[in-house]
Amino acid sequence: LYKTVTSPLPAKIQAPLNKAVGILQPILYYSEVVYHLGKQVVVRQNFTLPGKADFLAAETQLFKVLEYVKIKDVKSLKDIPLDKWKSGALKTFELSSIFVIGEMIGRGNVIGYKD
């Protein structure tokens, strides 16, 4: 799919580029797999892509949530201070961690399910 860099570059540059290509190769491959799988799911389940009205409704709902969590006078996501972004990211991480731990407890195993 993606080949190593074989152009007439110095070895100091060519080696890191080949390493980067080696790291990116599986990421790009699996992203293509997920994309094509998603396309098949959309076709088979008769999903429709969201329209502009759907995005506007989601944006309105997001700003209602931001007002609820005490971020005032937000007209754009760029107006949110960095400390609020950090706080929100930390809370999101905490909630997702609790979910993952609950999944592990429910399965009775750290990885996979017991047979």
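Just a few scattered comments:
- Checking the Cα-Cα distances for Lys39/Lys91; Lys64/Lys86; Lys52/Lys91; Lys64/Lys91 against a 25 Å cut-off, the pairs over it are Lys39/Lys91; Lys52/Lys91.
- Database remark: amide H of Ile80 closer than 5 angstrom to no amide H (H placed geometrically; neighbours at sequence offset of 5 or more, or on other chains; Pro and chain starts carry no H).
- Sites Ile111 and Ala58, calculated FRET efficiency, Cβ-Cβ separation with R0 41 Å, nearest 0.05: 0.75
Where a number appears in this text, it was derived from the coordinates with a stated rule and is not lab data. Nothing here was measured: the structure is a model prediction, and the numbers come from that model. Counting neighbours? That spans all protein chains shown, and the Cβs are built from the backbone with ideal geometry, glycine included.
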